[in-house]
1. If we hang a label 7 Å off Cα along the beta carbon direction at A:Asp157, how far is it from the matching labels on the other copies, in nm, shortest first?
2. In square angstrom, what is the accessible area per residue of region A:20-173 with a 1.4 angstrom probe?
3. For chain B, set up a GNM with springs between Cα atoms under 10 Å and report which of B:Asn46, B:Asn125, B:Asn136 has the largest fluctuation.
4. Mind checking which of B:Asn125, B:Val38, B:Asn78 is farthest towards the positive end of region B:1-157's charge dipole, using Cβ charges of +1 (Lys, Arg) and -1 (Asp, Glu) about the Cα centre?
5. At 7 angstrom along the Cα-to-beta-carbon line, where would the label on A:Lys93 sit relative to the other copies? Give the distances in nm, shortest first.
6. Using the Cβ atoms and a cut-off under 14 Å, what net charge is assigned to the surroundings of A:Leu88, where Lys and Arg are +1 and Asp and Glu are -1?
7. With a ≥ b ≥ c the root eigenvalues of the C-alpha gyration tensor of chain B, is it rounded (a/c under 1.5), prolate (a/b larger than b/c) or oblate?
8. Just grab the label-to-label distance for B:Thr106 and A:Ala119, each label 7 Å out from Cα along the Cβ direction, in nm (one decimal).
Number of protein chains: 2
Amino acid sequence: MNNNQTYSWQEALLYSHKMAQLTKAIWKSLEKDWQEWVKPFDLNLNEHHVLWITYHLRGATISEISKFGVMHVSTAFNFSKKLEQRGLITFSKKEDDKRSTYVKLTDEGVRLFEQTMDAHDPERNSVMKASLPLKNIYGSFPEFQELESIVKHLYGDEYLEILDRSIESLKDET
Amino acid sequence: MNNNQTYSWQEALLYSHKMAQLTKAIWKSLEKDWQEWVKPFDLNLNEHHVLWITYHLRGATISEISKFGVMHVSTAFNFSKKLEQRGLITFSKKEDDKRSTYVKLTDEGVRLFEQTMDAHDPERNSVMKASLPLKNIYGSFPEFQELESIVKHLYGDEYLEILDRSIESLKDET
């Protein structure tokens, strides 16, 4: 162990291997179920994520979508462009910040997004179902505060603030 | 809340949204660092994952690679094929199971894989570094037993058994 380090090489490798296997497994399952959910609306996961973020933040910049959607800025822009061409969102510039592209849902975008939410069937969410044994033991779904701490150190406080805003918005509207 | 269910629609949605945002954020960061790590060896993440699984399980079937690598069987096969063309692995059939394609590393494959391990620099692993504040508080990296429980219910006991085997193998050889 290096004197400047608080971990050994092996310990760090074992930890990141385990994290990779667990988060890949869970994310890939969520990704698959999400794709299936929004496919009937002719949307892919990234397009739906753009709508989701824009809906719950009541408008967002491309850079916010990129950050919270964990997608490259060009990916966020390209999928937003497709949604604009379908008349689901509009682009604009803000008076006080001409550099940022600001995205808002059109009435049609709001309608389509709300239709996707109405169609959400938790029974088809494998990760949620695989978490029910934990919920039955503890009385509630796990909180994952350790994951939150890691994400906070990876992406900054802002990421968790947006997560909180989007969760509060979901609570209000569902 | 439906009488047959132990959760409400809203609760399930909030939980899966939070899980998606957290696991996507962490997996995407691990994925990026992993790609950077193995790029100098002209390997992509999937190819390296095939080598990893084959090395630590001392040979594996395509279906084991697909399962533990969380990739489609055809993806596992196609990347294995590329590694075979580079002389890093060989394909064979087992006498007692003619249907399964069995993958083994060649000497060259073992050498290249071990070179990638020697080149692993924990300082470039953002998720590991973002976990150090937790390690400093608790004295060790988080165990994530709840994530393990979810993965067990998603992919079966076998997934965690392979994870254990691969972790024991890493402990022995590093």
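The values are calculated or read from the model by the stated rules, or taken from the named source; none is laboratory data. The model shown is predicted, which means the values in this text are computed figures rather than measured ones. Here the Cβ is made from the backbone with ideal geometry for all residues, glycine too, and neighbour counts use every protein chain on show. Please note that ligands, DNA and RNA were not included when accessible areas were found on the heavy atoms of the full protein model with its side chains. Shrake-Rupley method; radii C 1.70, N 1.55, O 1.52, S 1.80 Å.
1. Distances to the matching label points in the other copies: 4.7 nm.
2. Numbers: 7480 Å² over 154 residues.
Spelled out: the 1.4 Å probe surface of region A:20-173, per residue, equals 49 Å².
3. B:Asn136
4. B:Asn78
5. Listed shortest first, these distances are 6.6 nm.
6. Working: positive: A:Lys81, A:Lys82, A:Arg86, A:Lys104, A:Arg111; negative: A:Asp42, A:Glu47, A:Glu84, A:Asp107, A:Glu108, A:Glu114.
Net charge around A:Leu88: -1.
7. On the way: a/c = 2.10, a/b = 1.39, b/c = 1.51.
Taking the square roots of the gyration eigenvalues as a ≥ b ≥ c, chain B is oblate.
8. Placing both labels 7 Å beyond Cα along the Cβ direction yields 4.9 nm.
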